[in-house]
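The structure appears right after this line, and notes come after that.
The values are calculated or read from the model by the stated rules, or taken from the named source; none is laboratory data. The structure displayed is predicted, hence computed values, not measured ones. Here the Cβ positions follow ideal geometry from the backbone for every residue, glycine too, while neighbour counts run over all protein chains shown. Just the protein is used for accessible areas: all its heavy atoms, side chains included, with ligands, DNA and RNA removed. Shrake-Rupley method; radii C 1.70, N 1.55, O 1.52, S 1.80 Å.
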Amino acid sequence: MEKFIELPLDLAQKCVKCGLCKSVCPTYPYVQEEAGFARGRLALAEMVVKGELPLSEEVARQWDQCAMCRRCEWICPNNVEYKEIMVKARDMQRESLGQGVVKSLGLKSLELMQSGFGRKAIKLAGKLLSPLPSEIKTPFPTGAVKFMPKPTARAFGLRGKVFEAQEEKGKLLFFTGCMIDAFYGKTGENVIKLMNRAGYTVVVPEDIKCCGAPHYYSGNLQAFERLRDHNLKEMGKYDFDAVVVACPTCGGALQEDY
Ligand code: SF4
Ligand code: SF4
């Protein structure tokens, strides 16, 4: 199991400053300055680690503006591992400057929403919100307004069950993460039906928690390790041939970070 280490300077120094990443970065057109894309953000990390620049609110602001889409990694001719560097830079930033109440609460609630209390609260919210439409217009602290799914009273109803295929070709473990069976129950049910029809029995573990990707990408590495270790232990209780996900974020985390 990987242990997190300090920001790897050698990885940041692989950047040859060619600037190709500027052409694909979605934040650069809005920021229009050197620190508005990967090359500049990496240079800041290098300067902070070398002690040439203090880790100030301004540096943190530049790192926070990165959407972590990783398009820069795909185009980089020198295979700079931007994600590896930036999650550690953000961990360093959180340790030095904190991360604000809203983000802390959001991440903590993702970590706790599958606890006994969290499940009861989500089911109750599902009952209370049942007269409302299935998606609710929600303002975000960033100023964006998104249509978010609401929880349903049937949340977590798939957990701890085995859905058997008629002529079984194999067995899949359905990694439901934090959102699928709490907020996107219909999607979860459809994944199971589809897999059953394709000949796969689907096992839904009782106690899978958030995959931890939001914690990882925001530099909360200890919280990520807690969630990852919990999920690996829970998955280890079941017999399966492969894992199926309905959330691309969970899929990415399981493939790359577990
Ligand atoms: S594309 Fe890669 S090597 Fe070129 S500036 Fe960006 S991060 Fe550095
Ligand atoms: S991860 Fe995305 S937003 Fe961040 S520097 Fe790379 S291309 Fe830009």
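Summary table
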quantity	calculated
Region 197-258: GluC sites (Glu not before Pro) falling in loop per DSSP and having at most 10 other Cβ within 10 Å	none
Helix-derived mean residue ellipticity, 222 nm - over the chain, DSSP H n ≥ 4, -39500 (n - 2.57), to 500	-13500 deg cm²/dmol
Heavy-atom accessible area ranking, 1.4 Å probe, most first, across Phe147, Phe37	Phe147, Phe37
Calculated FRET value between Ser109 and Thr138, using beta carbons and R₀ = 22 Å, to 0.05	0.95
Region 92-246 shape via C-alpha gyration tensor axes, a/c threshold 1.5	oblate
Which of Tyr258, Tyr184, Tyr30 is most accessible, then next, and so on - probe 1.4 Å	Tyr30, Tyr184, Tyr258
Distant-in-sequence amide H partners of Val243 (H built 1.01 Å from N, under 5 Å)	Leu173
Probe 1.4 Å, protein heavy atoms only - accessible area per residue of region 9-97 in square angstrom	50 Å²
Share of carbon and sulfur in the accessible heavy-atom surface of the chain [1.4 Å probe, %]	57 percent
1.4 Å probe accessible area per residue over region 101-149, in Å²	73 Å²
For region 161-256: accessible area per residue (Å², 1.4 Å)	48 Å²
Segments 47-59, 242-254 sorted - mean Cβ within 10 Å per residue, highest first	242-254, 47-59
Amide H within-cut-off set for Ala165, under 5 Å, with H built and near neighbours excluded	Thr201, Val202
